[in-house]
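The values are calculated or read from the model by the stated rules, or taken from the named source; none is laboratory data. All of these numbers come straight from a predicted model, not from anything done at the bench. Note that we place each Cβ from the backbone using ideal geometry, even for glycine, and neighbour counts take in every protein chain shown. With ligands, DNA and RNA removed, areas are computed over all heavy atoms of the protein, side chains included. Shrake-Rupley method; radii C 1.70, N 1.55, O 1.52, S 1.80 Å.
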Amino acid sequence: MGINISLYSYDYEALVEGIKSYTKAENTEVIRRILLMGGNVIGDKYIILNNELWEDCDSYYNIPAVLEHLYKADDVFGEIFCTFDDRFGSETLISGCEPEEILLEVAT
């Protein structure tokens, strides 16, 4: 079993508004403060690292968990941070790969 270390980006304003809508938050100030505790805004993108080596300190999982707890919402991670659509402009910027994956990719 490996350890996942990946870097993700989201459209910052869309992410904030999506969280506000999903959690039924009153305003965005607290949401913005929470997001900045575990990631950074660069231009119009919110950048967050998933580093499973950090175990209990992995912001990628802790930020949604705090939002769930604070707003009594279910599955903020699945509905906001890990969706299968492009509502929040989610992109994987950097992800680990094995040599076999690279060789398979260049062979096709």
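Find the relative contact order for segment 20-102 and round it to a whole percent, using C-alpha pairs within less than 8 Å whose residues are 6+ positions apart.
21 percent
Of the accessible area of the chain, with the probe set at 1.4 angstrom, what percent is carbon plus sulfur?
Carbon and sulfur: 56 percent of the exposed surface of the chain.
If the cut-off is a Cα-Cα distance under 25 Å, which lysines reach K72, setting aside same-chain residues fewer than 8 apart in sequence?
Within reach: K20, K24.
Can you spot the aspartates and glutamates whose alpha carbon is less than 13 Å from K45's alpha carbon? Ignore those fewer than 8 places along the same chain.
Excluding near neighbours in sequence, the set is D11, E13, E91.
For segment 55-95 and segment 10-36, compute the distance between their C-alpha centroids and round to whole Å.
Segment 55-95 and segment 10-36 have Cα centres separated by 11 Å.
Computed from these coordinates, which is P(r) over Cα pairs in 5 Å bins from 0, in percent: (1) 2, 12, 20, 17, 12, 10, 8, 7, 6, 3, 2, 1, 0; (2) 2, 12, 20, 24, 17, 11, 6, 4, 2, 1, 0; (3) 2, 11, 17, 14, 11, 10, 8, 7, 6, 5, 3, 3, 2, 1, 0?
Recomputing P(r) over Cα pairs in 5 Å bins from 0, in percent here gives the entry labelled (2).
How large is the dipole of the chain about the Cα centre if only Lys and Arg carry +1 and Asp and Glu carry -1, each at its Cβ, rounded to the nearest 20 debye?
My answer is approximately 520 debye.
Would you please name the trypsin sites (Lys or Arg not before Pro) within segment 1-52 that are DSSP coil residues with at most 16 other C-beta atoms within 10 Å of their C-beta?
Qualifying residues, ordered by number: K24.
Under 13 Å from the Cβ of L35, count the other residues' Cβ atoms, weight Lys and Arg +1, Asp and Glu -1, and hand me the total.
Summing Lys and Arg as +1 and Asp and Glu as -1 gives 0.
Heavy-atom accessible area per residue, the chain, 1.4 Å probe: how many Å²?
66 Å²
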